[in-house]
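Working notes for the structure below.
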Amino acid sequence: MVAPVRADPSATAAVRVEGLVKRFGATVALAGVDLEVAQGTVFGLLGPNGAGKTTLVRVLATLLEPDAGRAEVFGRDVVNEAVAVRELLGLTGQFAAVDEILSGRENLLMFGRLFGLPRHEARRRAAALLERFDLADAADRPAKTYSGGMRRRLDLASSLLTRPRILFLDEPTTGLDPRSRNEIWAIVRELVGEGTTLLLTTQYLEEADQLAEQIVVIDHGRVIAQGTGNELKDRVGGQILEVQLTSATQRERAQAVLAEVGCGDPEPGQRSDQLTLPAPRDGLELIEDAAAHLRRAGISVSDLGLRRPTLDDVFLQLTGAPPSEDGAGSKPPAAPQPKRDADGRSAIVRRHRPVLRLRAPSSQKLSAAVTDAWVVTARNLRHFIRQPQLLIFSTIQPVMFVLLFVYVFGGAVRGSLPRGVTYVDFLLPGILVQSVAFRATQTAIGLAEDLERGVVDRFRSMPMTRSAVLLGRTLADLVRNVLILVLMIVIGYLIGFSFHGGALQAIACVAVVAAFGFALSWIFAFVALTVRGAEAAQAAGFVAIFPLVFASSVFVPVGSMPGWLRTFAEASPVTLTADAARSYALSHGVPGSLGEMAAWIGGLLVLFIPLCVWRYRRMS
Ligand SMILES: Nc1ncnc2c1ncn2[C@@H]1O[C@H](COP(=O)(O)OP(=O)(O)OP(=O)(O)O)[C@@H](O)[C@H]1O
Ligand SMILES: [Mg+2]
């Protein structure tokens, strides 16, 4: 077997992949892939839908662990040295992973901070990138108002905040119009001119041919061919005569006529009025012969010419099938050609830039973790502020409960209340607990949305503290809960509720309820990481929360319940929290249920924080 030729054997390859296997259940996404990407080059990974391109990129970007084989990025193992690998790479995934609620500038600032840039440096880089990617005018608009091309550019800019040594671009131009596609192509060429190594996946065969020095064609998780665009085309051999008929109805007759020219079988082209014919002999002579045959048969032609095989032809040759089931083989429009030297390689002059060093040594790990958690918390709080309707609905629902219970059930419940306690005084602390319990599903929904939109993938591909994503989510929900609790108390005062024990007791009441909500947030984060999908997470959340809240002392004293239910309700952490909150609200002392409640909250946190972090790390 002949070893693959390397540009410079002494240099570490930017990417080296050996025998890589990845399965998803019965699906084999990667079935033993070997490849090598030389530093400072553009490498094209070409394949139809489901070939395994995204899976390979995700393994290289440390988002997925392979089942077998190994992969290195600049000599660092993507599994065992994932943290170091994340420092070197930039990832622009298949679907733009930008935060829709934040503006373009805020997105870049957030990612810059999470990359470990100091605030002023993040600002400077963000402004420069917005300018470079033609987004300066839209910089302060929410990203949800951006067009597809603008989102893609913002996504790409987010990957370049730290000048990665290698950039993975997963189908960077799919779905873009010709102009946006040209812009992305121009950026790719600029980047490689600056010394960045690029690995790009594409279904556009012409795109790989235009941009990449080396191309690997994969199908069903296997490499089926590799080489330069020209080498791959040479495998099909010679040239191709392409005939464009004036009318598609004449295609069958034209096929028969051209078969007589003696150059093999004419093949139907991509369009119904096209035919192609291999051209193994002198092209001009073949054109003359073909034209004469067609003219004699009275077949009119709108175009007749020779062309080099495209990579579509290569794909047809290699797999016996067109490259994809959704027309992905169609060629993107021509873009300005890069300058090529005699070997067909890109002749852009390369300047090697230093990589921006990010994270400080591990002595400063803790401060980096705090910064990361704060940046993510601030981002989630911004979402909350920008969507005031969420705050309104979050408050209306418990208010409805208060009014319904006070005025509908209040009369019936009064008899079972402790002496001298009004129903509104009894109910409000319970409603506070109910509102944080129901709100906890929002933690699951928010996280599930981030997962669905690819924002979490971006976070996970960055050299940031991994638990910060989860901590940022639960902390923001804690802040939001406290705000909602205060609002609820204000409304409670309007309908006759009052704290009997003074300000400190009131603060303690809010604190125990908020602490319980914080513990629940972690349970729901775990739900989101496990069930996947915002709707599923919400549904799963309600199934658990509804019986817990109703079978508790939130709305009525548990003494009025049947014995079997009372046993359950008395032991429930919802009851313990409601009782503690009620005791703080209505008396002057420390609640009797405080110890048990604190044990529950502590236990839930001790169990679910590590579970969430474990799940987050092992996500696929
Ligand atoms: N998380 C997953 N769970 C289950 N199957 C998966 C998962 N990710 C990928 N697959 C499967 O693995 C195979 C390869 O998928 P992959 O996304 O890598 O293909 P692709 O080449 O990127 O395709 P496309 O061009 O459509 O993006 C497909 O059959 C896909 O259904
Ligand atoms: Mg893909």
Subset of region 456-478 (residues that are over 18 Å from Glu87 (Cα atoms) and not small (Gly, Ala, Ser)): Leu470, Leu471, Arg473, Thr474, Leu475, Asp477, Leu478
Region 48-68, subset near ligand 1 (Cβ under 6 Å from one of its atoms) and not polar (S, T, N, Q), residue surrounded by the fewest Cβ atoms within 10 Å (Cβ to Cβ): Gly50
Qualifying residue in region 75-95 (condition: within 16 Å of ligand 2 (Cβ to nearest atom) and aromatic (Phe, Trp, Tyr)): yes
Candidate set: region 90-125, residues that are among the small types (Gly, Ala, Ser) and closer than 17 Å to Arg152 by Cβ; chosen: the one modelled with the lowest pLDDT: Ala96
Residue match in region 276-294 (condition: part of a strand (DSSP E or B), at pLDDT 80 or above and farther than 18 Å from Gln210 by Cα): yes
Filtered residue count, region 431-445, keeping only those that are under 15 Å from Val531 (Cα atoms) and open to solvent by 10 Å² or more (accessible area, probe 1.4 Å): 2
Residues that are over 41 Å from the mean Cα position of the chain (by Cα) and outside any helix (DSSP H, G or I), drawn from region 558-591: Met561, Pro562, Ser587, His588, Gly589, Val590, Pro591
Matching residues, region 564-620, being under 30 Å from Ala82 (Cα atoms), open to solvent by 50 Å² or more (accessible area, probe 1.4 Å) and more than 16 Å from ligand 2 (Cβ to nearest atom): Val606, Leu607, Ile609, Pro610, Leu611, Trp614, Arg615, Arg617, Arg618
Residues satisfying the stated conditions in region 599-620, i.e. among the hydrophobic types (A, V, I, L, M, F, W, C) and in contact (Cβ under 8 Å) with a residue 40 or more places away in the chain: Trp600, Ile601, Leu604, Leu605, Phe608, Ile609, Leu611, Cys612, Val613, Met619
Residue match in region 186-204 (condition: touching a residue at least 24 places away in the same chain (Cβ under 8 Å), more than 16 Å from ligand 1 (Cβ to nearest atom) and closer than 19 Å to Phe111 by Cα): no
In region 28-55, residue farthest from Asp313 (Cα to Cα) [restricted to those that are within 12 Å of ligand 2 (Cβ to nearest atom) and hydroxyl-bearing (Ser, Thr, Tyr)]: Thr55
Residue match in region 115-129 (condition: assigned to a loop (DSSP other than H, G, I, E, B), touching a helix residue (DSSP H, G or I) at 6+ places or on another chain (Cβ under 6 Å) and open to solvent by 30 Å² or more (accessible area, probe 1.4 Å)): no
In region 92-106, the residues that are buried (at least 21 other Cβ atoms within 10 Å of the Cβ) and under 14 Å from the mean Cα position of the chain (by Cα): Thr92, Gly93, Ala96, Ala97, Val98, Asp99
Test result for Ala476, within 30 Å of Gly454 (Cα to Cα), of a type outside the set (Asp, Glu), open to solvent by less than 20 Å² (accessible area, probe 1.4 Å) and modelled with pLDDT of 90 or more: yes
Of residues in region 164-204 being on the phi > 0 side of the Ramachandran plot and within 16 Å of ligand 2 (Cβ to nearest atom), the one surrounded by the most Cβ atoms within 10 Å (Cβ to Cβ): Glu171
Arg23 surrounded by fewer than 17 Cβ atoms within 10 Å (Cβ to Cβ), away from ligand 1 (no atom under 16 Å from the Cβ) and in a strand (DSSP E or B): no
Unique residue being surrounded by fewer than 21 Cβ atoms within 10 Å (Cβ to Cβ), within 16 Å of ligand 1 (Cβ to nearest atom) and in contact (Cβ under 8 Å) with a residue 24 or more places away in the chain when the list is Arg222, Arg235: Arg222
Where Phe555 falls short, out of the listed (1) open to solvent by 40 Å² or more (accessible area, probe 1.4 Å); (2) at negative phi; (3) assigned to a loop (DSSP other than H, G, I, E, B): (1)
Qualifying residue in region 433-456 (condition: of a type in the set (D, E, K, R), more than 15 Å from the chain's Cα centre (by Cα), modelled with pLDDT of 90 or more and on the phi < 0 side of the Ramachandran plot): no
Selection within region 383-425 - at pLDDT 85 or above, over 30 Å from Met110 (Cβ atoms) and not in a helix (DSSP H, G or I): Thr422
Any hit, region 205-220, residues being within 16 Å of ligand 2 (Cβ to nearest atom), in a helix (DSSP H, G or I), under 20 Å from Ala51 (Cβ atoms) and of a type in the set (A, V, I, L, M): yes
Check on Leu161, under 18 Å from the mean Cα position of the chain (by Cα), away from ligand 2 (no atom under 16 Å from the Cβ) and in a loop (DSSP other than H, G, I, E, B): yes
Cross-chain or 6+ apart pairs with Cβ under 6 Å, region 35-62 first and basic (Lys, Arg), then near ligand 1 (Cβ under 7 Å from one of its atoms): Lys53/Gly47; Lys53/Thr201
Filter pass, Glu267 being more than 29 Å from the chain's Cα centre (by Cα), surrounded by fewer than 16 Cβ atoms within 10 Å (Cβ to Cβ) and among the charged types (D, E, K, R): yes
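The values are calculated or read from the model by the stated rules, or taken from the named source; none is laboratory data. This structure is a prediction, so every number in the text was calculated from the model and none was measured. All Cβ positions, glycine included, derive from the backbone under ideal geometry; neighbour counts span all protein chains shown. Heavy atoms of the whole protein, side chains included, go into the accessibility calculation; ligands, DNA and RNA do not. Shrake-Rupley method; radii C 1.70, N 1.55, O 1.52, S 1.80 Å.
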